[in-house]
Amino acid sequence: MKIKPITIAGLSCALLATALVAETTEKPGSPEAAAITKQIADYEKAYNTGDAKALAQYFTDDAEYTDENGQLTQGRADIEQLLTDTFAENKGATLDMQADAVRPLGTDVFQERGGTTVTTPDGQKRSTGYTAIYTKKNDKWLISRLIESPVADPTPGDQLSQLAWMVGTWKDQGGDYSVETKTDWARGNNFLTRNFKVSEGDDVILEGWQIIGWDPIQKRIRSWIFDSDGGYGQGTWTRDGHRWLVKETRVSSDGTESSAEQTLTYVDPDHCTFESANRTLDGDPQPNIAKVDIQRVKTP
């Protein structure tokens with residue numbers, strides 16, 4: 001899915017929530033900077049509901065928007081139409097914004113600089129930088145000019161930073177079995193490695209290794225897994241807020257094929273949950289695995 005740009009205007013682009021930070025050359029707590037910053041947060045919420053008409057009201061009648069490719073859109077009406085087309089093509093996309101600086105340029109004129117990220121429902125991301133000029137009209141701060149600029153593509157490590165909370169040792173107790181995993185950054189911080197072992201009482205009955213990385217062709221997080229019995233598998237990861245859906249296929253050492261949709265949910269820094277649905281074994285449906293609580297193992 002192609003992601004069109006528009007930033008504050010939503011026309012351009014993790015882990016969880018993006019903080020808005022406003023720095024101004026005026027004294028801290030400037031009411032003008034505070035009003036503009038609050039408006040950014042309101043715009044972000046409106047973008048995420050796909051309301052092009054409401055978003056267009058943040059622009060002056062003669063506003064100019066220049067996207068990262070240099071294409072110019074003039075006037076509130078044309079910007080609204082661009083937003084309408086963007087939402088139709090990228091239904092369900094969400095916008096995160098970060099304001100880096102807000103400063104006055106003159107009487108009732110402010111400049112804002114920052115960056116945005118648009119995320120599609122399938123997890124694709126597009127980021128841009130922006131400069132916005134605000135003017136005050138009828139006691140409202142409106143965007144008179146918006147210019148986007150390209151930013152360097154995120155590294156594989158940047159993409160994986162969404163899963164940085166997994167680093168550490170985790171353990172669950174599921175019935176007669178316990179599973180312990182240990183996640184670390186690989187050298188270079190472009191892959192995550194997970195070692196796991198499954199125990200029954202004091203006996204370790206299975207061990208394995210998983211590598212998690214960013215696929216630059218598919219533009220998504222993928223994983224590869226290998227176990228001590230000779231089995232192997234791979235998975236694709238899709239983020240939905242605090243949840244990750246991992247669609248995984250495996251092959252056992254005897255050639256048996258299986259598949260499942262695993263859901264890993266971040267609860268807090270020391271707590272996550274796991275569940276597994278739509279499980280098959282050589283094409284035959286298998287019982288789901290109900291939600292399992294997983295706790296971080298505290299180190300002394």
- Message: Going by what's in this entry, would Tyr58 be described as among the aromatic types (Phe, Trp, Tyr) and either open to solvent by less than 30 Å² (accessible area, probe 1.4 Å) or over 15 Å from Val109 (Cα atoms) (or both)?
- Response: no
- Note on the structure: Of the residues in region 269-300 that are farther than 19 Å from Val179 by Cβ and part of a strand (DSSP E or B), the one that is least open to solvent (accessible area, probe 1.4 Å) is Thr280
- Item | Unique match (being in contact with a Pro (Cβ under 8 Å, 6 or more places away or on another chain) and at pLDDT 95 or above) among Gly213, Gly129 | Gly213
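Rundown of residues vs (1) surrounded by fewer than 18 Cβ atoms within 10 Å (Cβ to Cβ); (2) modelled with pLDDT under 95; (3) among the basic types (Lys, Arg); (4) in contact with an Asp or Glu (Cβ under 9 Å, 6 or more places away or on another chain), yes/no style:
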{"site": "Arg222", "(1), (2), (3), (4)": "yes, no, yes, yes"}
{"site": "Ile225", "(1), (2), (3), (4)": "no, no, no, yes"}
{"site": "Arg243", "(1), (2), (3), (4)": "yes, yes, yes, no"}
{"site": "Val246", "(1), (2), (3), (4)": "no, no, no, yes"}
{"site": "Ala260", "(1), (2), (3), (4)": "no, no, no, yes"}
- Message: I'm trying to understand the selection: among the residues of region 162-192, which are over 22 Å from Asp240 (Cα atoms), open to solvent by 40 Å² or more (accessible area, probe 1.4 Å) and β-branched (Val, Ile, Thr)?
- Response: Val179
- Message: Please go through region 195-220 and give me each residue that is open to solvent by less than 50 Å² (accessible area, probe 1.4 Å) and not aliphatic (A, V, I, L, M), ordered by number.
- Response: Phe196, Ser199, Gly208, Gln210, Gly213, Trp214, Asp215
- Item | Matching residues in region 36-64 - criterion: being more than 17 Å from Arg113 (Cβ to Cβ) and assigned to a helix (DSSP H, G or I) | Lys38, Asp42, Lys45, Ala46, Tyr47, Ala52, Lys53, Ala54, Leu55, Ala56
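Of all the residues that make up region 227-241, how many are in contact with a Gly (Cβ under 7 Å, 6 or more places away or on another chain), farther than 20 Å from Trp165 by Cβ and surrounded by fewer than 17 Cβ atoms within 10 Å (Cβ to Cβ)? Can you show your working first?
Kept after step one, since they are in contact with a Gly (Cβ under 7 Å, 6 or more places away or on another chain), are these residues of region 227-241: 227-228, 238-239.
Checking the rest, the ones that are also farther than 20 Å from Trp165 by Cβ come to 227-228.
This time we only want the ones that are surrounded by fewer than 17 Cβ atoms within 10 Å (Cβ to Cβ), so: 228.
Matching residues across region 227-241 total 1.
The values are calculated or read from the model by the stated rules, or taken from the named source; none is laboratory data. No experiment lies behind these values; they were computed from the predicted model shown. Note that each Cβ is placed from the backbone with ideal geometry, even for glycine, and that neighbours are counted across all protein chains shown. For the accessible areas, the whole protein counts, side chains as well, though only heavy atoms, and no ligand, DNA or RNA atoms are used. Shrake-Rupley method; radii C 1.70, N 1.55, O 1.52, S 1.80 Å.
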